[in-house]
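One structure below.
The values are calculated or read from the model by the stated rules, or taken from the named source; none is laboratory data. All values reported here derive from a predicted model rather than from experimental measurement. Note: ideal-geometry Cβ built from the backbone for every residue, glycine included; neighbour counts use all protein chains shown.
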């Protein structure tokens, strides 16, 4: 009897199975996009606590029965989600075409509604913005009697907005800064040995009223190229809604890095307090160039950087390296500080590729150096005189009055101070300007002082002598004529008050040289308005004529006399 019941049951099931004559196939089902919101129980806005969105599903009837309606009969949550996350009871067929009668062989589109889970990731494990499977839906096709004609399964995928974004990335190489964007992701003209600074700003893009922190945020900079050997990360902990954080990385491009392009990958990751993963990924390409000949200045150290009235010298230490492709045997380094009257050059230095060296220079400080800044230029050369790199170090004079008294063997004190009529002058090439200097005898004895002006842009400097009683002052005026070939731009004039050869006080005037009205800027000015070349030629011609006249008058061949 029991076996008969089993056989009858199997027959019934077979009959039921054969009664479903239709066969349904489904297209893909995506709900949401890159801008979609998700449910947020933390939100101050009630309408954002539960977000239900819809997606379109394409259905094809490959069976033999006509279908008039559809319904979701079951939901199976995907890994990482629960029925509560999805609120499976609310997932439904939102709409079908009016008067649907889907005959065999026909295709239609229906609308599915589902809840956007709070813990839906925005990016994949490799930080690609992606859609994710959240559930498998069982959808039934119903006939005109609302009976099940067929059922099938379709994966439900969902996508949301990424809330952890890189607001800006900047890089700084050799004092030059650039900001990365879609049109600028390449760092050009970097050199072996360069120090690179990467600055970044990141943002939690949730709104204030969303009340969602993004936790355990990590910013990472990495290069797979062994030449750069870069793998750095910075943990930024948590970032509150609508907040920003900043950070920096610094790294050196190795001295022996070859020519080529090197990719640096920047990644940003974090997970919000609701469980969703966010982040971004970007690539910056470093273009390293190695010249045939290049001796780069790697560092300069000036000690002290600020000097007072009693300072007698400063020490400048310069490190440099051959980052070119060739070995060098005629490297030169030069230190030039015109306002300090200092110049020193070291030549015939041998440097193989990627080798470096360091030199120290003692720079005498003129007595009584006044308050101001004094540029010290560092230059490197290959083949003795071919400039390859330069840098400027600034020495700051802090002596309040720029006065340094001189005490002779008898204890007699001589001191003086000076002031300028103007600390800034303007003059054109070939033009002239005046500079007034006021000298005060700050000593206790009558003294004679020399006032000297030196300026390499002028045809001549100047020197004047004043004799002053203690406490007395005198003003002198210098007329300075600019060379027609003077360098256009900022120059300087150094004024010194001396007692004998000892400098008691000095000041520097800034001189802005402009282009002269008749200055020839291209080609030769051999016969220009200010040229003396024409007069030299005239003199030569006159001398030749004079020689010829003398020869005719005094060295004429005498005719034989007839008797």
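Structural remarks
- If you check 152, 141 for being under 29 Å from residue 50 (Cα atoms), buried (at least 20 other Cβ atoms within 10 Å of the Cβ), at pLDDT below 95 and more than 16 Å from the chain's Cα centre (by Cα), only one passes: 141.
- Filtered residues of the range 195-212 (kept if buried (at least 16 other Cβ atoms within 10 Å of the Cβ) and touching a strand residue (DSSP E or B) at 6+ places or on another chain (Cβ under 6 Å)): 196, 198, 199, 200, 202, 203, 204, 205, 212
- Extreme residue, surrounded by the most Cβ atoms within 10 Å (Cβ to Cβ), among residues of the range 83-113 that are in contact with a helix residue (DSSP H, G or I) (Cβ under 9 Å, 6 or more places away or on another chain) and without any contact (Cβ under 8 Å) to a residue 24 or more places away in the chain: 83
- Taking (1) loosely packed, with under 15 Cβ neighbours inside 10 Å; (2) part of a strand (DSSP E or B); (3) not assigned by TED's automatic domain parsing to the domain that holds residue 257 in turn, residue 135 satisfies each apart from (1).
- The set of residues from the range 76-120 being in a loop (DSSP other than H, G, I, E, B) and closer than 12 Å to residue 54 by Cα comprises 91, 116.
- Residue within the range 468-490 that is in contact with a strand residue (DSSP E or B) (Cβ under 9 Å, 6 or more places away or on another chain), at pLDDT below 85 and closer than 25 Å to residue 312 by Cα present: no
- When residues of the range 476-521 are limited to those that are part of a strand (DSSP E or B) and without any contact (Cβ under 8 Å) to a residue 40 or more places away in the chain, the one surrounded by the most Cβ atoms within 10 Å (Cβ to Cβ): 491
- Residues that are within 21 Å of residue 188 (Cα to Cα) and assigned to a strand (DSSP E or B) within the range 248-280 comprise 248, 249, 250, 251, 252, 260, 261, 262, 263, 264, 265, 266, listed in sequence order.
- If you go through the range 282-291 and pick out every residue that is within 13 Å of residue 185 (Cβ to Cβ) and surrounded by fewer than 17 Cβ atoms within 10 Å (Cβ to Cβ), you end up with 4.
- Inside the range 303-323, residues that are closer than 25 Å to residue 386 by Cα and touching a residue at least 60 places away in the same chain (Cβ under 8 Å) make up a count of 5.
- Residues that are surrounded by fewer than 18 Cβ atoms within 10 Å (Cβ to Cβ) and under 25 Å from residue 233 (Cβ atoms) were ranked within the range 166-181; the one that is farthest from the chain's Cα centre (by Cα) is 167.
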